[in-house]
Each structure stands twice: as structure tokens, then as C-alpha cells.
1. Considering only the chain, what is the antiparallel percent among its DSSP beta bridges, to the nearest 5?
2. Given a cut-off of under 8 Å on Cα pairs at least six residues apart, what relative contact order in percent is computed for the chain?
3. Pull out the extension gain between ASP72 and VAL5, defined as 0.36 nm times the separation in residues minus the alpha carbon to alpha carbon distance; nm, one decimal.
4. Residue separation times 0.36 nm, minus the C-alpha to C-alpha distance between ASP101 and SER115: what's the value?
5. Give me the 1.4 Å probe accessible area per residue for the chain, excluding ligands and nucleic acids, in Å².
6. What is the distance in Å between the Cα centroid of the range 2-28 and that of the range 73-95?
7. Under the Kirkwood approximation applied to all pairs of distinct alpha-carbon atoms, what is the hydrodynamic radius of the chain in Å?
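The values are calculated or read from the model by the stated rules, or taken from the named source; none is laboratory data. Owing to the predicted nature of the structure, the values given are computational and were not obtained by experimental measurement. Remember, those area values only see protein heavy atoms, side chains included, never the ligands or the DNA or RNA. Shrake-Rupley method; radii C 1.70, N 1.55, O 1.52, S 1.80 Å.
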Amino acid sequence: QVQLVESGGGLVQPGGSLRLSCARSGSIFRPYTMGWYRQAPGKQRELVARITSSGTTTYADSVKGRFTISRDNAKSTVYLQMNSLEPEDTALYYCNLKRFDMDYWGKGTQVTVSS
């Protein structure tokens, strides 16, 4: 059974940086896509960034140029480097793994951007 555990969230001032990590346990065959989603209070969950097994990345327009997703297959971990954080980035950030009809989620890590 695949499990995803996020870490790295916290409180940061506007303009600051954070790096989120998502560690996967349990085996799964490639190909699969890893992604980061976020949900702010009163809003729907939205895609932030995703990366395929081949390394192709996709970003939400709101984070392009500020966030970078990467994966370390040897460590079964995916990262989200977040720079130039804005108050609008405040949300609960979730890690996701998709493979065909399989869809796994972590429990989330809170990111709060505030002065």
C-alpha cells in the first residue's frame, strides 16, 4: 500500500522560501505522476505543480517562476521548492501520486505566509 507523508511546511514571511518534501513508502510501478496540490480555506483544492516519471513538469500559472518541483527516485521523494512566497500561497499543501486509475494522497502540510 502506497503512503505519502509531507513535511516542511510552516510560517514564513512574504518573500521568504520553504521547501516541502513528500516521502513515499510502498512499491509502485512506473509510470506515475507526482504532484503538489493546495487548498486554502473556503476554496477548492487546486494543482500547484506535477512531475511525470520522465521528468516533465507542469505548474499553475500563479506559481510559475517561483516554485520548482523535483523528484529523487532513489529516495522515493518529491520536493517543492517555493520562493518569493506571497500571502496568497497560504494553504494546506497535499502530495499526490497518480497512476492510471490509482490516486493516493498525503494528509497535508500547512504553509502560512504572513508578516
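1. Values: 39 of 42 bridges.
Of the beta bridges lying entirely in the chain, close to 95 percent run antiparallel.
2. 37
3. Gain on stretching ASP72 to VAL5: 22.6 nm.
4. 0.9 nm is the gain from fully extending ASP101 to SER115.
5. Heavy-atom SASA per residue in the chain reads 55 Å².
6. Each part's Cα centre sits 6 Å from the other's.
7. Values: mean 1/r = 0.0709 Å⁻¹.
So the Kirkwood estimate lands at 14.1 Å.
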